[in-house]
């Protein structure tokens, strides 16, 4: 694995304060000849409302079919954590995260579901994917129930 140039895995790293400062890293996929799905779940994702500065919370589910690269999970954790003090709308956060992962890892396919908790009484769920799932890829349901409140 001479292509590894990891700066965070196995290192003491300060959490980046902004997504723009975070370094999302990749590692070679040892199963690159196999079509499969990998899933990351971030059930406590946090960002800030860009208007009020109040915290927003989401349950993120990221499904991707890796190609030659895998996303290194510690760098993903630090990248997602960098949104904690970042002001952006739900749609922008969700799609930006998906696009960044695609830019870095160049997967065969990716989808992200952002299941946001209510703001102003309205839950906002945001979904983005790179296109149709490859034929033969097992894509399970993301398993997040729609928001039901107390009803």
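Worth pointing out:
- The set of residues in region 10-44 being more than 29 Å from residue 144 (Cα to Cα) and within 18 Å of the chain's Cα centre (by Cα) consists of 21 alone.
- Looking only at residues of region 96-151 that are part of a strand (DSSP E or B) and over 15 Å from the mean Cα position of the chain (by Cα), we find that the one that is surrounded by the most Cβ atoms within 10 Å (Cβ to Cβ) is 119.
- For the criterion of being part of a loop (DSSP other than H, G, I, E, B) and in contact with a helix residue (DSSP H, G or I) (Cβ under 6 Å, 6 or more places away or on another chain), residue 16 passes.
- Matching option when the condition is closer than 19 Å to residue 112 by Cα, exposed (fewer than 14 other Cβ atoms within 10 Å of the Cβ) and in contact with a strand residue (DSSP E or B) (Cβ under 8 Å, 6 or more places away or on another chain), among 36, 64: 36
- Within region 1-19, the set of residues being free of Cβ contacts under 8 Å to residues at least 12 places away in the same chain and under 21 Å from residue 97 (Cβ atoms) comprises just one member, 14.
Every number in this text was worked out from the coordinates using simple rules, so none of it is lab data. It should be emphasised that the depicted structure is a prediction, and the values quoted were computed from it without experimental measurement. Methodologically, a virtual Cβ is constructed for each residue, glycine included, from the backbone with ideal geometry; neighbour enumeration extends over all protein chains shown.
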